[in-house]
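Inspection log for the structure reproduced underneath, given as structure tokens.
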Amino acid sequence: MNRWVKPFVDLLKQGMSPEKIALTIALGVVLGVTPVLGSTTALCTAAALLLRLNLPAIQVVNGVTYPLQFVMLIPFYRLGAWMFRADASSVSLERVAGLIRIGVWHAIQTLWVVTIHALAAWLLFGGLAVGLLYLILAPLLRLAWRRIAASKSAVDLSGKPQLP
């Protein structure tokens, strides 16, 4: 195999047990809704590399989850404000979008404290969400894995069903 292609093939094959795939999906979803815009790709990459998960798969889950990040942004801002007894009544998606249009650096400076509070709320619920998603997905993926293995063992390499 070509020395340029082999690393990509190895990357695609990495983390291919049902448990690793369940963890990849769970982390991809939870990291994908992090209330810090622009951070999810780096967070998913770090998680995949540290936990030896399937990097392309976690990025696909992250990409699919991307719209959910915007849906969850204001609820996390408000939950964080509630947790820290701060005022978040003026925080809205329109205001955040307006701040970003003025300038990303301006938005970061203006929303710094609100984002830190939201991140604390996300950390609290994110850990629970990863655990819950993993507990749901792992048994389902194990079952699917067994069914796929059983169907593969019923067919030999030539594609003909094996006799019992």
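Remarks
- Highest mean packing first, where packing is the average number of other Cβ atoms within 10 Å per residue, the peptides 113-125, 44-56, 131-143 line up as 113-125, 44-56, 131-143.
- The share of alpha-carbon pairs in the stretch 6-138 lying farther apart than 23 Å comes to 37%.
Quick note: the coordinates plus some simple rules give every number you see, no bench work behind them. Note that this is a predicted model, so its numbers are computed, not measured. Ideal geometry is used to build each Cβ from the backbone, glycine not excepted, and the neighbour counts take in all protein chains shown.
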